[in-house]
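Novice: Can you keep this structure in mind? I'll have questions shortly.
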Amino acid sequence: MALPAEKINYTFADVLSWDEDERIEIISGKVFMMATPSRIHQKITGELFRQLANFLEGKQCEVYAAPFGVRLFEQDGDSEENVDTVVEPDISVVCDRSKLDKRGCKGAPDMIVEVLSPSSLRHDRLVKLNLYQQAGVREYWIIDPENRAVQVFLQDGSGSLRICEEYGSQDVAKVNVLDGCFIELSKVFSE
């Protein structure tokens, strides 16, 4: 599907009119096309999702894997034409169920995980880190498949996301926003 060339700023209303198979995010009205994830990327997100979903069974929080639309800054009463930022994190954990609707998540999830790919390094490490910080995401994981490593960013007292932990492929990683949740990274990086 070709995007209209004459349009300067896109909104959630545009996203709703696009083909569901398109992997597109909009940030401050600008379009970002997303590459199809690699097999390793899918394996990593699948295993991480499995561990989180198993832990969350019967609990208040819910976990979602991409494609799952997150409208980070949408407020009650905003029209689709007023929402200019919609992202699709690889993994989202939402504990406030009032943020969930039939189209995804309205507001910041409690935790977001992005798995790096060659085309998303700068975007995930800079653009999205800043975006998630502004939105109030409490915990942000960046998973680096090539180096088999995880960086964990937590919101500090001033609302900034700061790196607080780094894990290797054989470590057990603590999920800070989920009391008692630990991820076995040897299973996440099994290849």
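Readers should treat all values here as calculations from the given coordinates under stated rules, not as data from a laboratory. Quick caveat: nothing in here was measured; it's all calculated off a predicted structure. So basically every Cβ, Gly included, is an ideal-geometry build from the backbone, and we count neighbours across all protein chains shown.
Novice: Return a whole-number percent for the relative contact order of the chain, with Cα pairs under 8 Å and 6 or more residues apart as the contact set.
Specialist: 17 percent
Novice: Further question: Mind scanning K30/K59; K99/K128; K7/K106; K30/K106; K7/K128 and naming the pairs with a C-alpha gap bigger than 30 Å?
Specialist: K30/K59
Novice: What full-extension length gain, to one decimal in nm, is calculated for R97 and R122 as 0.36 nm per residue of separation minus the Cα-Cα distance?
Specialist: 5.9 nm
Novice: May I ask for the angle, rounded to the nearest 10°, between helix 39-56 and the longest principal axis of the chain, with both axes built from Cα atoms and the value confined to 0 to 90°?
Specialist: 70 degrees
Novice: Now for a separate question. Per residue of the chain, what 222 nm ellipticity follows from adding -39500 (n - 2.57) for every DSSP H run with n ≥ 4, rounded to the nearest 500?
Specialist: Helices in the chain give a 222 nm mean residue ellipticity of -5500 deg cm²/dmol.
Novice: In what order do K43, K59 fall by count of nearby beta-carbon atoms within 10 Å, going from fewest to most?
Specialist: With the sparsest Cβ surroundings first, the list reads K59, K43.
Novice: As I understand it, the dipole of the range 12-188 uses +1 on the Cβ of Lys and Arg and -1 on the Cβ of Asp and Glu, about the Cα centre. Which of V152, C61, N82 lies farthest toward its positive end?
Specialist: The listed residue farthest towards the positive side: V152.
Novice: Can I ask one more? Could I have the simple spin-label model distance between K187 and Q60, label points 7 Å from Cα toward Cβ, reported in nm to one decimal?
Specialist: 2.5 nm
Novice: Here is a follow-up. I need the GluC sites (Glu not before Pro) found in the range 51-97, filtered to DSSP loop residues with at most 11 other beta carbons within 10 Å of theirs.
Specialist: Answer by residue number: E57.
Novice: So if each residue of separation counts as 0.36 nm, and I subtract the Cα-Cα distance between D76 and K7, what length gain in nm does that give?
Specialist: 22.2 nm
Novice: Which aspartates and glutamates, on any chain, are close to K102 with Cα under 16 Å apart, when same-chain ones fewer than 8 places away are left out?
Specialist: In chain and number order, the partners are E20, E62, E74, D76, D78, E80, E88.
Novice: What ranking do W141, W18 get, fewest neighbouring Cβ atoms within 10 angstrom at the top?
Specialist: Ascending number of Cβ neighbours within 10 Å: W18, W141.
Novice: If you don't mind, another one. Write down the Å³ per residue value for the convex hull defined by the alpha carbon atoms of the range 12-188.
Specialist: Hull volume normalised by residue count: 116 Å³.
Novice: Sort R71, R138 so that the residue with the fewest other Cβ atoms within 10 Å of its own Cβ comes first and the one with the most comes last.
Specialist: Fewest-to-most Cβ neighbours within 10 Å comes out as R138, R71.
Novice: Can you pull out the cysteines in the chain that have no other Cys Cβ under 4.7 Å?
Specialist: C105, C164, C181
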